[in-house]
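**Q** Let me give you the structure first, and then I'll get to my questions.
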Amino acid sequence: MPGPVKLEAIVLRSLRYGEADRILHLYTVQRGRIGAIAKGVRRARSRFGGRLEPFFQLRLVLHEGRSELLTVTGAETVAAHPRLREDARALDSAGRACDAVARLFDTSEPHPGVFNLLAHELALLDVDPGQATLANQLAFRLKLLVAAGLAPQLGACAGCGEREHLSAFSGAAGGVVCDACEAGSFPLSADAHGFMTAALAAPLARAPRAPDRALRQAERALGETVEHHAGVRLRQAHPA
């Protein structure tokens, strides 16, 4: 039955619509990714103020009617992340994190762990904008892949199970591969392999360091895994 719905949400995108409205792309605890319209929000006297902008974490009251878009009727701020917005690198990292969630979890199926991971990443960037590094972005994506059931196999060859001579990565196979199974793969350095293994185990706030070349290899490994197994292409991580 149509009526009011209460959801906790993070604003992924906010687009101007018409003369005074906004279309919101939201990631919610209860319903995964949804769309909503905020009517009159761009008027000077709107009761919503600026809280329906990207990266806000909110408690929303929405009206669910026949349209695919829910209508925002109430909004309470949980976290505004003001410091994040004052740093260009943190702002960019936050945008890429939200974009990765939007692309990998573009359904109404709820994934509370994904919501919590994104909320934690935004809070981390707000508390310490210096966390806006390439290593942090890739560590976040690795943890997203775990939530999506796409975590790359790193402990043994994804082709034959061999645990030695893991010198390459295959997106099609879904992980590292040995010398005998390297067809269709690309070389993966020990630094890149070590980074991915350590990043999976470490908290986001302690993303391991690695040379830029190793980080770009890790990014390629994640990108090819997602593209092959989910049909999704992630935006290139920024070398912050």
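**Q** Determine the percent antiparallel among the DSSP beta bridges restricted to the chain, to the nearest 5.
**A** 90 percent
**Q** I need the phi-derived Karplus couplings for region 153-167: 6.51 cos²θ - 1.76 cosθ + 1.60, θ = phi - 60°, integer Hz, Gly and Pro marked x.
**A** 7, 10, x, 7, 4, 6, x, 10, x, 4, 9, 10, 6, 8, 10
**Q** For region 33-141, what D do you get in µm² per second when you plug the Kirkwood radius from alpha-carbon pairs into Stokes-Einstein at 20 °C and 1.002 mPa s?
**A** The calculation lands on 142 µm²/s.
**Q** Measure nothing fancy, just the Cα-based angle from helix 190-201's long axis to the longest principal axis of the chain, in degrees from 0 to 90, nearest 10.
**A** The angle comes out at about 40 degrees.
**Q** What FRET efficiency would be calculated for the residue pair HIS63, ALA202, taking the C-beta separation as r and a Förster radius of 41 Å, to the nearest 0.05?
**A** Efficiency computed from Cβ-Cβ geometry: 0.45.
**Q** By how many degrees, 0 to 90 and rounded to 10, does the Cα axis of helix 212-230 deviate from the longest principal axis of the chain?
**A** Between helix and principal axis, roughly 70 degrees.
**Q** Can you give me the long-range amide H partners of ALA168? Hydrogens built in the peptide plane at 1.01 Å from N, cutoff under 5 Å, separation of 5 or more residues or another chain.
**A** Those lying under 5 Å, H to H, from ALA168 are VAL177, LEU188.
**Q** How high is the relative contact order of the chain? Use alpha-carbon pairs under 8 Å, at least six apart in sequence, and give a whole percent.
**A** 16 percent
**Q** Here's another thing I want to ask about it. Lone cysteines in the chain, going by a 4.7 Å Cβ-Cβ cut-off?
**A** Singleton cysteines: CYS98, CYS160, CYS181.
**Q** Could you tell me which GluC sites (Glu not before Pro) in region 60-112 are loop residues by DSSP with no more than 12 other beta carbons within 10 angstrom of their beta carbon?
**A** Those satisfying the criteria are GLU68.
**Q** When the gyration tensor of the chain is built from Cα positions, what are the square roots of 5 times its three eigenvalues, in whole Å, from largest to smallest?
**A** 38, 19, 13
**Q** What are the ³J(HN,Hα) values, in whole Hz, obtained from phi via the Karplus relation 6.51 cos²θ - 1.76 cosθ + 1.60 with θ = phi - 60°, for each residue of region 95-105 in sequence order, with x given for Gly and Pro?
**A** x, 6, 5, 5, 5, 5, 5, 4, 7, 7, 10
**Q** Using modelled amide H (1.01 Å from N, peptide plane; none on Pro or chain starts), what sits under 5 Å from the amide H of ARG13, excluding residues fewer than 5 places away?
**A** When sequence neighbours closer than 5 places are left aside, the close amide H contacts are HIS25.
**Q** Relative contact order (percent) for region 3-79, with alpha-carbon contacts under 8 angstrom and 6 or more residues of separation?
**A** Computed value for region 3-79: 33 percent relative contact order.
**Q** Percent of Cα-Cα pairs more than 15 Å apart in region 3-79, please.
**A** 47 percent
FYI, it's all coordinate maths here, none of it is from the lab. Everything quoted here is computed from the prediction, not taken from an experiment. Note that we place each Cβ from the backbone using ideal geometry, even for glycine, and neighbour counts take in every protein chain shown.
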